[in-house]
Amino acid sequence: MHPNQRTIIKFYKAFAALDADTMAECYADDVQFDDEVFSLRGKKEVAGMWRMLTDVTRSRAKEDWKLEFSGLQADASTGQAHWDAHYRFSATGRLVLNHIDARFTFNAKKLITSHRDQFNFWAWSRQALGTPGWLLGWSPLLRNRVRQQANASLKKYLASLDKQSPP
C-alpha cells in the first residue's frame with residue numbers, strides 16, 4: 001500500500017469518528033479544497049470547515065451520522081476515493097445520503113495539497129432541502145444561495161475560534 005493511500009485512510013477513519021483534529025493532520029498548510037459548496041484555501045479554512053461540520057454533527061445528530069469509504073487508490077502524487085455520508089442536515093433536520101467522489105494531490109511529506117469532492121448537487125438538495133431543492137436544485141440561484149449561507153456560517157465559525165484562541 002502506498003503511503004499516500006494510508007493518508008487517505010487516516011483521513012476517512014478520522015472523519016467517520018468525527019475527529020477533525022486528525023483530519024487536519026492530513027493536510028498541508030497550503031491545501032486547496034473545492035466541492036459543490038465550498039472553495040477554500042489554506043489549512044485554517046479547510047480544517048475549519050471540517051471542524052465546523054463535525055462539531056455540528058456531534059452536537060445535534062451524532063446518532064444519524066455514518067460514513068463509508070471505498071475505492072481508495074493513491075500513488076506518489078495523486079489519489080482518489082469514494083465516500084458515502086449518511087447524516088441529518090442541520091438546517092432542515094432532513095436525512096441525507098450523499099455519494100461523493102474525491103480526488104487528491106500530495107506533497108513529498110505525504111500531506112494532501114489539493115482535495116476535490118464532487119457530488120450531484122441536485123440529488124443532495126432534494127434530500128437536504130425538500131421541495132425547494134426538488135424545484136430549484138438544478139439552478140445556479142439555489143446553488144449560489146447555499147454557497148453564500150455555508151460560507152457565511154464558516155466565516156462566523158472561524159471568527160468564534162479566533163476569539164477562543166489566546167493571541
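In region 127-141, what residues are among the small types (Gly, Ala, Ser) and at pLDDT 90 or above?
Selection gives 128, 130.
Which ones in region 40-85 are under 17 Å from residue 6 (Cβ atoms), among the aliphatic types (A, V, I, L, M) and either touching a Cys at 6+ places or on another chain (Cβ under 8 Å) or not in a strand (DSSP E or B) (or both)?
If the condition is that a residue be under 17 Å from residue 6 (Cβ atoms), among the aliphatic types (A, V, I, L, M) and either touching a Cys at 6+ places or on another chain (Cβ under 8 Å) or not in a strand (DSSP E or B) (or both), then 76 is the only one that fits.
Tell me, which residue of region 106-116 that is buried (at least 19 other Cβ atoms within 10 Å of the Cβ) and within 14 Å of the chain's Cα centre (by Cα) is farthest from residue 4 (Cα to Cα)?
Among residues in region 106-116 that are buried (at least 19 other Cβ atoms within 10 Å of the Cβ) and within 14 Å of the chain's Cα centre (by Cα), the one farthest from residue 4 (Cα to Cα) is 115.
Going by the conditions given, is residue 136 aliphatic (A, V, I, L, M), surrounded by 15 or more Cβ atoms within 10 Å (Cβ to Cβ) and closer than 20 Å to residue 153 by Cα?
Answer is no for this residue.
I need a count of the residues in region 15-31 that are closer than 17 Å to residue 106 by Cβ, of a type outside the set (Ser, Thr, Tyr) and more than 12 Å from the chain's Cα centre (by Cα).
Within region 15-31, residues that are closer than 17 Å to residue 106 by Cβ, of a type outside the set (Ser, Thr, Tyr) and more than 12 Å from the chain's Cα centre (by Cα) number 6.
State yes or no: is residue 134 in a helix (DSSP H, G or I) and within 15 Å of the chain's Cα centre (by Cα)?
In short, no.
Can you pull out the residues in region 36-80 that are under 18 Å from residue 115 (Cα atoms) and of a type in the set (A, V, I, L, M)?
37, 40, 46, 47, 49, 52, 53, 67, 72, 74, 76 - these are the residues of region 36-80 that are under 18 Å from residue 115 (Cα atoms) and of a type in the set (A, V, I, L, M).
Tell me, please, whether a residue that is out of contact with any Leu (no Cβ under 9 Å at 6 or more places or on another chain) and either farther than 23 Å from residue 151 by Cα or crowded, with 20+ Cβ neighbours inside 10 Å (or both) can be found in region 38-52.
Yes, region 38-52 contains at least one residue that is out of contact with any Leu (no Cβ under 9 Å at 6 or more places or on another chain) and either farther than 23 Å from residue 151 by Cα or crowded, with 20+ Cβ neighbours inside 10 Å (or both).
Does residue 37 satisfy being assigned to a loop (DSSP other than H, G, I, E, B), within 19 Å of residue 100 (Cβ to Cβ) and either modelled with pLDDT of 95 or more or under 16 Å from the mean Cα position of the chain (by Cα) (or both)?
Considered against the rule, which asks whether it is assigned to a loop (DSSP other than H, G, I, E, B), within 19 Å of residue 100 (Cβ to Cβ) and either modelled with pLDDT of 95 or more or under 16 Å from the mean Cα position of the chain (by Cα) (or both), residue 37 comes out as yes.
Only residues that are part of a strand (DSSP E or B), crowded, with 18+ Cβ neighbours inside 10 Å and either within 14 Å of the chain's Cα centre (by Cα) or at pLDDT 95 or above (or both): list them for region 86-96, please.
Of everything in region 86-96, those that are part of a strand (DSSP E or B), crowded, with 18+ Cβ neighbours inside 10 Å and either within 14 Å of the chain's Cα centre (by Cα) or at pLDDT 95 or above (or both) turn out to be 87, 96.
Which condition does residue 81 not pass, out of (1) within 23 Å of residue 29 (Cβ to Cβ); (2) of a type in the set (A, V, I, L, M, F, W, C); (3) surrounded by fewer than 18 Cβ atoms within 10 Å (Cβ to Cβ), if it passes all the others?
For residue 81, the failing item is (3).
The values are calculated or read from the model by the stated rules, or taken from the named source; none is laboratory data. As the structure is a computational prediction, the values presented were derived from the model and not from experiment. Note: ideal-geometry Cβ built from the backbone for every residue, glycine included; neighbour counts use all protein chains shown.
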